[in-house]
Amino acid sequence: MNVPHGRLLRSRVVSDPATALSSALDRELTGYAVLEPQDAVLLAAGGQGILTFEEGIPVLAYHTGSDRGGPAALADVAVDGPSWLELYELPASDLAELHDATDLRVQPTMPANRLAGDASLVERTRERAPASRLEDGADAGELDPVEAFLEDESKVEAIRERAREQAEARAEEWGFGDAVEQ
Amino acid sequence: MVEAFAVASGKGGTGKTTSTLALGMALANDHDVTVIDADTGMANLLFHAGLADVETTLHDVLVEGGAPVSDAVYDRFGMQVVPCGTSLSGFSACDPAQLREVVATLAADTDVILLDSAATLASRSAVLPVVLADRVVVVLEPTIPALSDGLKVQEYATSYGTGVAGQVFNKVRDPEAVDRIAEKAGRYFEGPTLATVPDSDRAREARRAGEPLLAHAPDCAAAEAFREAADRLTVRDGGPEAVADRFRSAVVPDPP
């Protein structure tokens, strides 16, 4: 996916991809967000998540590392830990051609729901999305982003492994040491 | 017979407290159940159980020289309910590590203890219920962060020698997708999917009415799903002494 270069509005580290979605919605952004994980291992794996927006409502999702688009790309965008977020503004006309790529499209509330898991953000997105877009049903048989996430075994195992390491490290700090040795 | 379950999620908003009270009421048909709000920093069980105005809560018990546990136990909806207060000063004053003594005391006189746990793994007091419980019930929503955080809860639990009773998929709007998600999640989660609970306006109404879902709308589909989940939780016989010992054991020293 070749996105025309936009005007940078904001650049910061975020702990949750939901921030990208809520920032875009609050600004009624027409443009795109780029998310890049800050974790060294994930960073080394490469790739950026890109979400495009029309007046704050998500339109396309694409990941440069996996070269996947649409709902599956949302699973690639989901990272455990902080990401570098950049928000870019673009004239709607510059996005029009890109937005014809139906295979990269996502339902307006899908990122807020499946990627962010934020019920109030889902509701706010639904309220502001054009009726025509809300009527877009997911294609039958289309992979749900959560399924795509669960199919990425190495990513899920990395989350588990890191949690185990954290639990064990904190056991000492928190005085749970005896429990770990049981 | 005593078994302590931590109802946990790692992420807020998954419906943990609704689930805790629903499982508690369903289990109370066959067992003597005690429900404890172990989320001492962000307590909300009192609002779900019509106990917002009570005088004594867990906060008053978890202080040096505080009230006896029995003062914070309320018979409601066929269960013993131990609410926690919501004031910041109450939280600051209390010593969450004393929770183990509270649970050990209550274990002498009940069959099942349900600990409504914090929606975070970021602090010692938030993780403590997961450490103290025999098994965790992980409450999930079909979203990436909820599953990711649910897995973290499971890894913390198993790292600390706590078993996994299973998962509850809550607030489900698309049952077919969730069946596929639950099947794939089963590769990583221990224990069975206990139930798929449909998203429910009745659950929201119940919360506003200050009643557990199974008291407010016992015939709704969500209530039925929670009863199924409770049926799948075979309560194990730990023996009250064993649980009390476990809770009193020196796993958690006093804070510095």
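The values are calculated or read from the model by the stated rules, or taken from the named source; none is laboratory data. Computed from a predicted model, the values in this text were never measured in an experiment. Cβ atoms come from the backbone with ideal geometry, glycine included; neighbour counts cover every protein chain shown. Please note that ligands, DNA and RNA were not included when accessible areas were found on the heavy atoms of the full protein model with its side chains. Shrake-Rupley method; radii C 1.70, N 1.55, O 1.52, S 1.80 Å.
Could you check how much of the accessible area of segment B:3-242 is carbon and sulfur, as a whole percent, using a 1.4 Å probe? Display every interim value, and only then the final one.
Working: 3890 of 8520 Å².
Answer for segment B:3-242 is 46 percent, counting heavy atoms of protein chains only.
Got a sec? Charge dipole of segment A:72-179, +1 on Cβ for Lys and Arg, -1 for Asp and Glu; which of A:Thr109, A:Leu85, A:Thr125 is way out at the positive end?
A:Thr125
Please identify, among A:Ser132, A:Ser66, A:Ser22, the residue showing maximal mean-square fluctuation in a Gaussian network model of chain A using a 10 angstrom Cα cutoff.
Largest GNM mean-square fluctuation: A:Ser132.
Cα convex hull of segment A:7-143: how many Å³ per residue?
102 Å³
Using a/c under 1.5 as the rounded threshold, could you call segment B:111-214 rounded, prolate or oblate? The axes a ≥ b ≥ c are square roots of the C-alpha gyration tensor eigenvalues, and prolate needs a/b larger than b/c, oblate otherwise.
Values: a/c = 1.83, a/b = 1.18, b/c = 1.56.
Cα axes put segment B:111-214 in the oblate bin.
Please state the charge dipole magnitude for segment A:7-143, taken about the Cα centre, from unit charges on C-beta atoms (+1 on K and R, -1 on D and E), reported in debye and rounded to the nearest 20. Write out the running numbers ahead of the final one.
Values: 11 positive and 23 negative charges, 61 e Å.
In debye, rounded to 20, segment A:7-143 gives about 300.
In segment B:30-111, which GluC sites (Glu not before Pro) are in a loop and have at most 15 other Cβ atoms within 10 Å, using DSSP for the loop call?
Working: sites: B:Glu55, B:Glu64, B:Glu101; in loops: B:Glu55, B:Glu64.
Sites meeting the loop and neighbour criteria: B:Glu55, B:Glu64.
Just give the residues from segment B:140-164 buried by at least 20 square angstrom of accessible area in the all-chains context relative to the isolated chain, probe 1.4 Å, and say none if nothing qualifies.
Buried on complex formation: B:Pro142, B:Thr143, B:Ile144, B:Pro145, B:Leu147, B:Ser148, B:Leu151, B:Lys152, B:Glu155, B:Tyr156, B:Ser159, B:Tyr160.
How large is the convex hull of the Cα atoms of chain B per residue, expressed in Å³ as a whole number? Write out the running numbers ahead of the final one.
Numbers: hull volume 28.3 nm³, N = 256.
For chain B, the hull spanned by Cα atoms encloses 111 Å³ per residue.
A plus B alone minus the pair: what accessible area, both sides summed, probe 1.4 Å, in Å² to 100?
Numbers: alone 10070 and 11020 Å², together 17960 Å².
Summing both sides, the interface buries roughly 3100 Å².
Is it possible to state the helix-based mean residue ellipticity at 222 nm for chain B, with each DSSP H run of 4+ residues giving -39500 (n - 2.57), the sum divided by total residues, to the nearest 500 deg cm²/dmol? What is it? Provide the component values of the computation, followed by the final result.
Working: 12 runs with 105 residues, N = 256.
Per the formula, -11500 deg cm²/dmol.
Take peptide B:127-133, look around each residue's Cβ out to 10 angstrom, count Cβ atoms belonging to other protein chains, and average those counts.
3
Based on the alpha-carbon set only, what is the convex hull volume of the protein assembly as shown divided per residue, in Å³? All intermediate terms of the calculation are to be shown ahead of the outcome.
Values: hull volume 62.7 nm³, N = 438.
Dividing the Cα hull volume of the protein assembly as shown by its residues yields 143 Å³.
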